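The values are calculated or read from the model by the stated rules, or taken from the named source; none is laboratory data. These figures come from a predicted structure and were not determined experimentally. A quick note on method: Cβ atoms are made from the backbone with ideal geometry, for glycine too, and the neighbour counts reach across all protein chains shown. Ligands, DNA and RNA are stripped out before the accessible areas are found, and what is left, the full protein with its side chains, is counted by its heavy atoms. Shrake-Rupley method; radii C 1.70, N 1.55, O 1.52, S 1.80 Å.
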Amino acid sequence: MKKTILTLLTFCAITMSFAQKAIKITYQRSSNGKIVENQNLMFIFASKDLSLITTDKIMQQKADYPFEQTFVNFNAQTITQLADLKKDKSILSQDSEALGKQKFEFSNETKKILNYTCKKATTSVNSNKIEIWYTNELGLKGGPGVLGQNLGLVLETIRNGNSTLTATKIENLKTIPSILAIPKVQTVDQLTYKDLLWKSRFVNIPIFNKEKIHFVSDAKSNDSIFRFASGTVIVRKIKFPEIKKGSTIYADVTQQSNGDAYDRTGSVFMIPMDKKQSFFDGLKNGANTLPVYENGNGKKYQGVVSTNDYTPLLEMMRFFTPFGVKHFNYLELKNKAWQDSVIYRQEISLLQPKLSNQEVYIGMFIGNYDAGGHKASLNISIHQGEDNNPKDNFILPLFNTLNVMEMAGQEYSTMFDNEKGLEMTFEVPQGYKSFKLSYTTTGHGGWENGDEFLQKKNTILIDGKEVFEFTPWRTDCGSYRLSNPASGNFGNGLSSSDLSRSNWCPGTTTNPNLIDLGNLSPGKHTIRVSIPIGKPEGNSSSAWNVSGFLIGEN
């Protein structure tokens, strides 16, 4: 790569006629009439035959990877994109059609830029109006973008009337610099070029790849993936790189039915290992070995709240499988083209302090009693920010009532059947402010009078004072019909997957609520979650899966 950069940046004469004219133009960005601060200045180098679009940081070898440069060959009418993806890895792609496809409207307007008379041309790109001001007085072509390269020398472009790139300096060069020579690196087609460039802009960490999550008595772990609860829970240990504050982080799940026809609760979670006991111990040794929460109704709820010696699962994403996507696509309906899989993508940037430079256990659960079950993949992508502040936010997992070990006997979350509901204490350390609660909730009980289909208010109290209340409800479930080939159909023309539900739909994620708690004083506090859960009917009962973690700013 060093050799490539030196080739690009060395201003030695190459085997061209030294008499040919060459110039360097500096461009400056402005927005709504104001110069953009701390900008990376853009340059073009232009000769009769070639032009190059580059930047100040690239010229000074200070550009962050990946970065791009653009070459235009006016004789061959080609545009060549050069991308430096990382050290010692460069690719290029050539387009011989783009210049010829450009269409413009011309006007009689003129104006002076750097004492050169410029003409105006306009075009539209993706519904954006682009004004191009170009001059023919220098006898050269080129510009700060691919648009208008053949018109003349573009000295200004204006997008939508407010984003402007203007030439501020033109320098005559004594010789044609070697920077105009296109380096010899790997050439790829345009689609591959765009794909490799896009992927080089972020870090992708594969966690699971088309793993079976199914119900079998002999589910076995291996050296990389642990399987628990008869194969309905999979866990893997992952080392994350350093993640800067201000980064954007996503969890991506792709899911297909591998035999199970029903809509099922799914969860992606992290297993905190910061205390004497962890949920991982329960996975290995059984749900009944976990700390028990009791609210006076006679039931024992295993591993759902934080204690002095135990931290519950930290939920990263909650999702719901549709009715049989992929496996049951043979159930044809006229004019319906079923989806091949469901993709769930959710931002999890709040969890940066728990991931950055950490080795953690990441798991996935899909509740089902089917030997084929589901196939699922999980990737976590990191789009780095620029905040180098070493002080991380405070994150404290408080509760998670989703019974991830449902198929290994973990109790359903029915603790909301009395006034106490879910109540616990937690401690706030010194040095944090502006606290928030990330709260995820979904109602379950899949019969006519079950809470899956009834609207129930959720109320959250801190130290006995109500801080939040809302009624979780989704009315858009019919939008996902094409992911639900095995959904049951009713006599009135509705399908089961169409029905509105308590904050979820078959084939969707459930968004957490970010609740502002203000400044909590250091020391102990109490949180209570209250939901008027419906009463059981026969063998059917309702449950509410709620998870929450506390965030404090440093």
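Here are a few things to note about the model shown:
- All positions within the stretch 450-470 that are surrounded by 14 or more Cβ atoms within 10 Å (Cβ to Cβ) and either touching a residue at least 60 places away in the same chain (Cβ under 8 Å) or among the polar types (S, T, N, Q) (or both): 450, 451, 452, 454, 456, 458, 459, 460, 461, 462
- Given (1) in a loop (DSSP other than H, G, I, E, B); (2) in contact (Cβ under 8 Å) with a residue 12 or more places away in the chain; (3) over 15 Å from residue 379 (Cβ atoms), index of the condition residue 223 fails: (2)
- Here 157, 117, 135 are screened, and the one residue that is without any contact (Cβ under 8 Å) to a residue 60 or more places away in the chain, on the phi < 0 side of the Ramachandran plot, open to solvent by less than 20 Å² (accessible area, probe 1.4 Å) and not hydrophobic (A, V, I, L, M, F, W, C) is 135.
- Residue selected from the stretch 34-55 under the condition more than 33 Å from the chain's Cα centre (by Cα) and not in a strand (DSSP E or B), by the criterion nearest to residue 83 (Cα to Cα): 49
- Taken as a whole, the structure leaves residue 296 outside the set of residues that are among the small types (Gly, Ala, Ser), part of a loop (DSSP other than H, G, I, E, B) and touching a strand residue (DSSP E or B) at 6+ places or on another chain (Cβ under 9 Å).
- Checked against the criteria, residue 213 counts as of a type in the set (A, V, I, L, M), in contact (Cβ under 8 Å) with a residue 40 or more places away in the chain and either closer than 20 Å to residue 252 by Cα or surrounded by fewer than 16 Cβ atoms within 10 Å (Cβ to Cβ) (or both).
- Failed item, numbered, when residue 493 is tested on (1) within 26 Å of residue 271 (Cα to Cα); (2) in a loop (DSSP other than H, G, I, E, B): (1)
- Of all residue pairs spaced 6 or more apart or on separate chains, those with beta-carbon atoms under 9 Å, a first member in the stretch 272-288 that is touching a residue at least 24 places away in the same chain (Cβ under 8 Å) and among the aromatic types (Phe, Trp, Tyr) and a second member that is crowded, with 18+ Cβ neighbours inside 10 Å and assigned to a loop (DSSP other than H, G, I, E, B) are 279/272; 279/290; 279/303; 279/311; 279/312; 279/313; 279/404; 279/405.
- Matching residues in the stretch 511-540 - criterion: being open to solvent by 60 Å² or more (accessible area, probe 1.4 Å), more than 12 Å from residue 440 (Cα to Cα) and in a loop (DSSP other than H, G, I, E, B): 519, 521, 522, 532, 535, 536, 538, 539
- Neighbours by Cβ (under 6 Å, 6+ apart or cross-chain): first from the stretch 178-202, of a type in the set (Gly, Ala, Ser); second not in a helix (DSSP H, G or I): 178/10; 178/12; 178/14; 181/14; 200/66; 200/85
- The residues on offer are 194, 169, and the sole one that is more than 20 Å from residue 82 (Cα to Cα), modelled with pLDDT of 95 or more and basic (Lys, Arg) is 169.
- Meets criteria (charged (D, E, K, R), farther than 24 Å from residue 518 by Cα and outside any loop (DSSP other than H, G, I, E, B)) for residue 469: no
- Flag not set for residue 431, criterion: small (Gly, Ala, Ser), in contact (Cβ under 8 Å) with a residue 12 or more places away in the chain and buried (at least 19 other Cβ atoms within 10 Å of the Cβ).
- Verdict on residue 393 being more than 26 Å from residue 304 (Cβ to Cβ), among the polar types (S, T, N, Q) and either without any contact (Cβ under 8 Å) to a residue 24 or more places away in the chain or out of contact with any Cys (no Cβ under 9 Å at 6 or more places or on another chain) (or both): no
- Within the stretch 280-293, tally of residues that are open to solvent by 50 Å² or more (accessible area, probe 1.4 Å) and in contact with a strand residue (DSSP E or B) (Cβ under 7 Å, 6 or more places away or on another chain): 2
- Within the stretch 239-266, the set of residues being over 13 Å from residue 366 (Cβ atoms), open to solvent by less than 10 Å² (accessible area, probe 1.4 Å) and assigned to a strand (DSSP E or B) comprises 249, 251.
- In the set (1) touching a Ser or Thr at 6+ places or on another chain (Cβ under 8 Å); (2) among the aromatic types (Phe, Trp, Tyr); (3) closer than 30 Å to residue 292 by Cα, the condition left unmet by residue 480 is number (3).
- Looking only at residues in the stretch 57-109 that are among the polar types (S, T, N, Q) and at positive phi, the one that is surrounded by the most Cβ atoms within 10 Å (Cβ to Cβ) is 77.
- Selection from the stretch 56-105 of residues that are assigned to a loop (DSSP other than H, G, I, E, B), over 20 Å from residue 39 (Cα atoms) and touching a residue at least 12 places away in the same chain (Cβ under 8 Å): 74, 75, 76, 77, 87, 88, 96, 102, 103, 104
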